[in-house]
Amino acid sequence: MRYVVIMAGGSGTRLWPLSRQGTPKQLLPLVEGRSLLRLAFERSLASVPAERILVVTGAAYADEVAAQLPELPADNILGEPVGRDSLNAVAWPAAVLARRDPDAVIAQVTADHVIEPIDVFVRCLDTAFAVAEADADALVTLGVVPTSPHTGYGYLHRGEALAGFEGAHAVVQFAEKPAREVAEGYLASGEYWWNAGMFVWRATTLLEQLRLLLPATYASITELAEHPERLADIFPGLAKTSVDYGVMEPVSAGHGSAHVAAVALPVQWRDVGGYASLAEILAGDSAGNAVSGLSVAIDATDNVVVNADAGSVIGLLGVSGLVVVRTPQATLVARAEDAERIKELVAAVTLEAGPQFA
């Protein structure tokens, strides 16, 4: 049977002060009053019913997840007591679902993206499900068809087409985030896709790769699925690594017993990881400012302005290329070109002003 697991962990530090401890970016109403988590859930409902959707999130956010997704059964929210990277965010639900349904086929999707059009995404996900159902040894990843030589994404080098599945190919290798000239070569070749970090596989196939490649993780995850009451004891001891490093890259290099396939995702795919990407989904004014909330601008151009304090107004006069964000607890003013350095600022705020503001 088909299932969808939504990965909704992480804190979204690059969206500080909108995203802070206790209010991670995936739970914020960033898109027309809806959160990225809610959008991911609604996309998932187009493939499977609510009872076959699980959410992996931080334990501290479990109540808010339940409030935003009232259709979701309580047992389908898996709250991690600590973050242990993406490998364990896919391994834990795989072990849980394998016990519920030995024939479970899982689509592992993210909660930090805006994806349009939804019908294309659903069609491609259906193809990925079909590949995993037809081939018990397939680990399927979704590859976004690139529209620019983006240097902030990893890439997939696709190989020969898989007969009978539209847009499906073998994967030759995973490529790290490239330099600009390398990314331009990838785009020109037409042989590379952006690595979306979303996967489809049989639960038992993923677990078998863990058994072969990371036996200690396999043993702990299996124990956790059998004894969920031991979550606080077992989960913090799991080795912290990404699913790409732990499974996908080794398998694509010939290790393990599976192989990697990819399905093309020809969609508009925005990873809302910082203010540059957030600006793409905000309303724009005639001066090129991306705006959310109450603000007034005179002779101000190409700024990102977000006012999340309902009792205030932001005024801009004669400035350009800034990111200005106001919340009841904190205010950010930065040059847009420095927005990727916000993690540094959050660390300094934590140290100098106190963790309550981070």
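For the stretch 126-162, give me the residue count where each residue is among the aliphatic types (A, V, I, L, M), at pLDDT 95 or above and surrounded by fewer than 17 Cβ atoms within 10 Å (Cβ to Cβ).
The qualifying residues number 3.
Where residues in the stretch 198-216 are among the hydrophobic types (A, V, I, L, M, F, W, C) and assigned to a helix (DSSP H, G or I), which of them is farthest from residue 260 (Cα to Cα)?
216
Looking at the stretch 281-301 only, could you name the residues that are surrounded by 14 or more Cβ atoms within 10 Å (Cβ to Cβ) and assigned to a loop (DSSP other than H, G, I, E, B)?
Scanning the stretch 281-301 gives 281, 282, 285, 287, 289, 293, 294, 300.
Can you name the residue in the stretch 63-76 that is in contact (Cβ under 8 Å) with a residue 12 or more places away in the chain and within 16 Å of residue 49 (Cβ to Cβ) and is also most open to solvent (accessible area, probe 1.4 Å) among such residues?
Checking each candidate, the answer is 71.
Checking residue 204 against (1) touching a Pro at 6+ places or on another chain (Cβ under 8 Å); (2) surrounded by 23 or more Cβ atoms within 10 Å (Cβ to Cβ), only one condition comes out false. Which one?
Result: residue 204 fails condition (2) only.
Please specify each residue of the stretch 283-327 satisfying the condition of being of a type in the set (Ser, Thr, Tyr) and at positive phi.
none
Contact list please: Cβ distance under 7 Å, first residue in the stretch 337-358 and closer than 20 Å to residue 279 by Cβ and assigned to a helix (DSSP H, G or I), second residue of a type outside the set (Ser, Thr, Tyr) and open to solvent by 40 Å² or more (accessible area, probe 1.4 Å), pairs at least six apart or on different chains.
339/276; 340/14; 342/14; 343/14
Do we find that residue 219 is over 30 Å from residue 160 (Cα atoms), open to solvent by 40 Å² or more (accessible area, probe 1.4 Å), at pLDDT 95 or above and assigned to a strand (DSSP E or B) in this structure?
Answer is no for this residue.
Within the stretch 48-62, take every residue that is under 16 Å from residue 11 (Cα atoms) and open to solvent by 40 Å² or more (accessible area, probe 1.4 Å) and give me the one that is modelled with the highest pLDDT.
59
Would you confirm whether or not the stretch 106-119 contains a residue that is open to solvent by less than 10 Å² (accessible area, probe 1.4 Å), at pLDDT 95 or above, hydrophobic (A, V, I, L, M, F, W, C) and more than 26 Å from residue 22 (Cα to Cα)?
For the stretch 106-119, residues open to solvent by less than 10 Å² (accessible area, probe 1.4 Å), at pLDDT 95 or above, hydrophobic (A, V, I, L, M, F, W, C) and more than 26 Å from residue 22 (Cα to Cα): present.
Looking only at helices (runs of 4 or more DSSP H) that lie completely in the stretch 48-163, which have at least 2 residues being in contact with a helix residue (DSSP H, G or I) (Cβ under 7 Å, 6 or more places away or on another chain) and not aliphatic (A, V, I, L, M)?
Helices (runs of 4 or more DSSP H) meeting the threshold: 62-68, 85-100.
Out of the residues in the stretch 302-315 meeting the condition of being out of contact with any Gly (no Cβ under 8 Å at 6 or more places or on another chain) and more than 15 Å from residue 328 (Cα to Cα), tell me which one is surrounded by the most Cβ atoms within 10 Å (Cβ to Cβ).
304
Just to be sure before I move on: is residue 247 crowded, with 21+ Cβ neighbours inside 10 Å, touching a residue at least 12 places away in the same chain (Cβ under 8 Å) and either of a type in the set (Lys, Arg) or not in a strand (DSSP E or B) (or both) in the structure I sent? Quick ask: steps written out before the conclusion?
Details: crowded, with 21+ Cβ neighbours inside 10 Å: yes; touching a residue at least 12 places away in the same chain (Cβ under 8 Å): yes; either of a type in the set (Lys, Arg) or not in a strand (DSSP E or B) (or both): yes.
The answer is yes for residue 247.
For the stretch 114-130, state whether one or more residues are polar (S, T, N, Q) and either free of Cβ contacts under 8 Å to residues at least 60 places away in the same chain or within 12 Å of residue 168 (Cβ to Cβ) (or both).
Yes, because at least one residue in the stretch 114-130 is polar (S, T, N, Q) and either free of Cβ contacts under 8 Å to residues at least 60 places away in the same chain or within 12 Å of residue 168 (Cβ to Cβ) (or both).
Across the stretch 1-47, what is the number of residues that are among the basic types (Lys, Arg), assigned to a helix (DSSP H, G or I) and either surrounded by 23 or more Cβ atoms within 10 Å (Cβ to Cβ) or modelled with pLDDT under 90 (or both)?
2
The values are calculated or read from the model by the stated rules, or taken from the named source; none is laboratory data. These figures come from a predicted structure and were not determined experimentally. All Cβ positions, even for glycine, are placed from backbone atoms using ideal geometry, and neighbour counts span all protein chains on display. What goes into the accessible areas is simple: the full protein's heavy atoms, side chains included, and nothing from ligands, DNA or RNA. Shrake-Rupley method; radii C 1.70, N 1.55, O 1.52, S 1.80 Å.
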